[in-house]
Amino acid sequence: MTVEVLILGCGSSTGTPAIGCTCPTCTSTDPRNRRTRASSVFRTEGLNFLIDTGPDLRTQALREGLTQVDAVLYTHPHADHLNGIDDLRAYCYLNKAPLPIFGNAFMMQDVVTRFHYTTLPPGTWWDKPVLLPTPVDGPFSHRGVTITPLPVMHGRWPIYGYRIGNAAYITDVSEIPEESYALLDGLELLLLDCLRNEPHYTHFGVEQSLATAKRIGARRTIFIHMTHELEYHALTARLPEGIEVAYDGMRLDST
């Protein structure tokens, strides 16, 4: 199974440049230092699986010509991963069909509670998102594609990464439980949280990300969800072979 990956955004909750900041990353003219909020698309078997709906979703979709979304895989309900949910209305309108969304029970309940209008039946004009929240607690299949949730910790929150084929996505992680490492064997491609230089109580820092990437041993690891503290070229110079710095619009594939 070939999985194509499109990185819609690789930034942290503030995005880069950050409002009011004049650091070298925020003032850089290199487009690889301009980061919208973290989200990606995994494409396989003709289906597009969108991971998270951050507040930059509309801008990202227009930039990349993303006109097809077949399901959404949610990692957790923080604003920078969820609050673009209303922009899913475009895909419901285009298809005149509800859109399935998946996540752990806590994630799905958060959607139902905070964005209840998205779970109502469609109206005549399909002018609102029409979503089908489905809690999952293990591997599941959607239209013939097997998706494996990857339980990880985001501070005190249990959240999900995801694996499809030999590609995996893990954002906002401070700890990977031992049992989840077994779900990461044989990876070709890993997108991995790397917030800043120093560790954070809810995120990996650079050294934690490097150690985790080495343990998992994917052929290619891409660091995502970065603050403006990490400048593209400076971080690239520090990384060993097989580990790269993400940028918005980056396209990858695994087999």
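Residue-wise test of (1) in contact with a helix residue (DSSP H, G or I) (Cβ under 7 Å, 6 or more places away or on another chain); (2) hydroxyl-bearing (Ser, Thr, Tyr).
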| site | (1), (2) |
| --- | --- |
| ILE7 | no, no |
| THR29 | no, yes |
| SER40 | no, yes |
| LEU50 | no, no |
| PRO55 | yes, no |
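Against the criterion of being among the hydrophobic types (A, V, I, L, M, F, W, C) and assigned to a loop (DSSP other than H, G, I, E, B), ALA90 does not qualify.
Can you name every residue in the range 115-137 that is in a loop (DSSP other than H, G, I, E, B) and either touching a strand residue (DSSP E or B) at 6+ places or on another chain (Cβ under 7 Å) or surrounded by 12 or more Cβ atoms within 10 Å (Cβ to Cβ) (or both)? Those that are in a loop (DSSP other than H, G, I, E, B) and either touching a strand residue (DSSP E or B) at 6+ places or on another chain (Cβ under 7 Å) or surrounded by 12 or more Cβ atoms within 10 Å (Cβ to Cβ) (or both): PHE115, PRO122, TRP126, LYS128, PRO129, VAL130, VAL136. Of everything listed in (1) part of a strand (DSSP E or B); (2) without any contact (Cβ under 8 Å) to a residue 40 or more places away in the chain; (3) farther than 18 Å from SER40 by Cβ; (4) not aliphatic (A, V, I, L, M), the single unmet condition for THR148 is (3).
Per this entry, LEU94 is not counted among residues that are out of contact with any helix residue (DSSP H, G or I) (no Cβ under 7 Å at 6 or more places or on another chain) and touching a residue at least 60 places away in the same chain (Cβ under 8 Å). For a quick check of your reading of the model, give me the residue pairs whose first member lies in the range 112-131 and is on the phi > 0 side of the Ramachandran plot, whose second is modelled with pLDDT of 95 or more and among the aromatic types (Phe, Trp, Tyr), with beta-carbon atoms closer than 6 Å and at least 6 apart or on different chains. Hits for this filter: TRP126/TYR93. Restricting the range 216-255 to residues that are of a type in the set (Gly, Ala, Ser) and more than 15 Å from ARG35 (Cα to Cα) leaves a set whose member that is modelled with the lowest pLDDT is SER254. Among the conditions (1) crowded, with 19+ Cβ neighbours inside 10 Å; (2) without any contact (Cβ under 8 Å) to a residue 12 or more places away in the chain, THR27 misses just one, which is (1).
So which residues in the range 151-175 are hydrophobic (A, V, I, L, M, F, W, C), within 17 Å of HIS78 (Cβ to Cβ), crowded, with 20+ Cβ neighbours inside 10 Å and in contact (Cβ under 8 Å) with a residue 24 or more places away in the chain, if there are any at all? Matches in the range 151-175: VAL152, ILE159, VAL173. In summary, HIS81 fulfils each of the numbered conditions (1) out of contact with any strand residue (DSSP E or B) (no Cβ under 7 Å at 6 or more places or on another chain); (2) assigned to a strand (DSSP E or B) with the single exception of condition (2). Pairs are defined by a Cβ separation below 6 Å, a sequence spacing of at least 6 or placement on different chains, a first member in the range 226-255 that is free of Cβ contacts under 8 Å to residues at least 60 places away in the same chain and assigned to a strand (DSSP E or B), and a second member that is polar (S, T, N, Q) and surrounded by 18 or more Cβ atoms within 10 Å (Cβ to Cβ); the pairs so defined are ILE243/THR221.
The values are calculated or read from the model by the stated rules, or taken from the named source; none is laboratory data. Computed from a predicted model, the values in this text were never measured in an experiment. Heads up, the Cβs are rebuilt from the backbone with ideal geometry, glycines too, and the neighbour counts pull from every protein chain shown.
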